[in-house]
Amino acid sequence: MTEELFLGDSYLREFEARVVRLDGREVVLDRTAFYPGGGGQPADRGALGIGPVRAAVVDVRRAGGEIVHVLDRPIPDTVRRLRGELDWERRYAHMRYHTALHVLSGVIWRRFGAKVTGGQMRADRARMDFSFPGEWTSEVVGEIERLTNAALAEERPVRVYELPREEALENPDLIRTQVNLVPERVELVRVVEIEGIDTQADGGTHVANTREVGRMEITSHKSKGRRNKRVEFVLR
């Protein structure tokens, strides 16, 4: 099992770890700060190295209980420890967009009762899909943008904690998101709560306060069916 350092500290940029396995360009460590992707958040990039040995991390993925780091070149199989460095600019952008998506989700749910059906983020943009129960107009989209920016500007803290699975399943805010998709073997559910706005079961990385997100600007919106709608946005 790989210890997932990013779960406890999204701001950790560098770390040292023991090499568990080397297989060509793939490396498994006993612990890592590299996020392996999931929940709409891309995998991290960065570098692993020790002394003169250094390779870029071009992909990260889960494989069972392990996290596999894919390098741009093999490293010597005699290496026993490595130092990891995240591409911090990219990771921090993902953190800002991830938190923005949660605020947007909370606003749409509280104001319109619309459930999120999907989302995706990049380092320079993001999108969200949701099942919208009412009329879809430019005025509605403008209200969504205004309410989301108002919530972001209120400097709300972002808390991360764990709940027993049984308790999480009794929380209506968590049930409306993806807690029911968490495998049954998971006894503790990781929860990300944005005070007064949104509470979700989530395994990704976030900023500590909404003031770090900045201002959201919706760049496009579309109807993808009778109820399914999409907004795309950037952060300023």
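Provide a single number: the residues in the range 116-128 that are in a loop (DSSP other than H, G, I, E, B) and either within 14 Å of Lys224 (Cα to Cα) or in contact with a strand residue (DSSP E or B) (Cβ under 9 Å, 6 or more places away or on another chain) (or both).
Residues meeting the conditions: 2.
Hey, can you tell me all the residues within the range 113-136 that are of a type in the set (Asp, Glu) and within 19 Å of His206 (Cβ to Cβ)?
Kept after step one, since they are of a type in the set (Asp, Glu), are these residues of the range 113-136: 124, 129, 135.
Passing the criteria: only Asp124.
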Leu235 vs. criteria within 22 Å of Tyr97 (Cα to Cα), among the aliphatic types (A, V, I, L, M) and more than 17 Å from the chain's Cα centre (by Cα): no
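In contact (Cβ under 8 Å) with a residue 40 or more places away in the chain and surrounded by 24 or more Cβ atoms within 10 Å (Cβ to Cβ): is that true of Leu101 in this structure?
Numbers: in contact (Cβ under 8 Å) with a residue 40 or more places away in the chain: yes; surrounded by 24 or more Cβ atoms within 10 Å (Cβ to Cβ): yes.
Spelling it out, Leu101 is indeed in contact (Cβ under 8 Å) with a residue 40 or more places away in the chain and surrounded by 24 or more Cβ atoms within 10 Å (Cβ to Cβ).
Could you say which residue among Arg176, Arg125 is at pLDDT 90 or above, among the basic types (Lys, Arg) and not assigned by TED's automatic domain parsing to the domain that holds Ala43?
Values: Arg176 fails: at pLDDT 90 or above.
Unique residue meeting the criteria: Arg125.
Which strands (runs of 3 or more DSSP E) sit wholly inside the range 1-55 and have at least 2 residues that are closer than 26 Å to Arg96 by Cβ?
Values: elements: 14-23, 26-29, 46-50.
In the range 1-55, 14-23, 46-50 are the strands (runs of 3 or more DSSP E) which contain 2 or more residues that are closer than 26 Å to Arg96 by Cβ.
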Subset of the range 61-86 (residues that are in contact with a Ser or Thr (Cβ under 8 Å, 6 or more places away or on another chain) and either hydrophobic (A, V, I, L, M, F, W, C) or closer than 26 Å to Arg127 by Cβ (or both)): Ile67
Count - residues of the range 62-83 that are under 30 Å from Thr210 (Cβ atoms) and either outside the structural domain of Leu48 (by TED's automatic domain parsing) or surrounded by fewer than 16 Cβ atoms within 10 Å (Cβ to Cβ) (or both): 1
Every pair of residues 6+ apart whose Cβ atoms lie under 8 Å, when the first sits in the range 16-29 and is at pLDDT below 95 while the second is surrounded by 13 or more Cβ atoms within 10 Å (Cβ to Cβ) and of a type outside the set (Val, Ile, Thr): Gly24/Pro74
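Quick test for you: out of Gly46, Gly113, pick the one residue that is at positive phi and at pLDDT below 95. Walk me through it before giving the result.
Working: Gly46 fails: at pLDDT below 95.
When all the criteria are applied, what remains is Gly113.
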Test set (1) over 16 Å from Glu85 (Cβ atoms); (2) within 16 Å of the chain's Cα centre (by Cα) - Pro74 fails condition number: (2)
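The values are calculated or read from the model by the stated rules, or taken from the named source; none is laboratory data. What you see is a predicted model, and the numbers here were worked out from it, not measured in a lab. Note that each Cβ is placed from the backbone with ideal geometry, even for glycine, and that neighbours are counted across all protein chains shown.
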